[in-house]
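To keep things clear, I will list the structure first and then write my remarks on it.
The values are calculated or read from the model by the stated rules, or taken from the named source; none is laboratory data. The structure displayed is predicted, hence computed values, not measured ones. So basically every Cβ, Gly included, is an ideal-geometry build from the backbone, and we count neighbours across all protein chains shown.
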Amino acid sequence: MKNLLAVFNSFPAILQIVQSVEAAIPFPKSGQQKLNLVLGAAGAAWEVDQVGRQMNKTNWLAGVQAMTNIAVAGLNAAGVFATSRSSAGSPVSSN
């Protein structure tokens, strides 16, 4: 029952997250990518919470990196970021 209440009480936050994702990815037919983005972010947040008492700069940055990777992958999958084939995979030259 405790877990049920925890999930139920998180519903307002879940609604806000879904609305944020919908605003960030306003494309039709990208529901699975949006769901994957929300679930990936929730999973990363869960992992960060598991180390809560041991939180330090390294753990915090690892959590931010995980969330960023999930966000970029989700947005890429949904087609939010347009990529150029001519520049894909080519390193940036400092010359």
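Restricting the first residue to segment 8-20 and requiring it to be under 16 Å from W46 (Cα atoms) and surrounded by 10 or more Cβ atoms within 10 Å (Cβ to Cβ), which pairs with a second residue that is modelled with pLDDT of 85 or more and of a type in the set (D, E, K, R) meet a Cβ separation below 8 Å and a spacing of at least six or different chains?
If the second residue must be modelled with pLDDT of 85 or more and of a type in the set (D, E, K, R), no pairs are left.
Specify the residue that is modelled with the lowest pLDDT; the eligible residues are those in segment 70-90 that are loosely packed, with under 14 Cβ neighbours inside 10 Å and among the hydrophobic types (A, V, I, L, M, F, W, C).
The extreme case among them is A88.
Across segment 1-45, what is the total count of residues that are part of a loop (DSSP other than H, G, I, E, B), among the hydrophobic types (A, V, I, L, M, F, W, C) and either at pLDDT 80 or above or within 29 Å of F81 (Cβ to Cβ) (or both)?
2
Of all residues in segment 46-69, which are within 10 Å of the chain's Cα centre (by Cα) and either surrounded by 15 or more Cβ atoms within 10 Å (Cβ to Cβ) or part of a loop (DSSP other than H, G, I, E, B) (or both)?
Within segment 46-69, A66, M67 meet the criteria.
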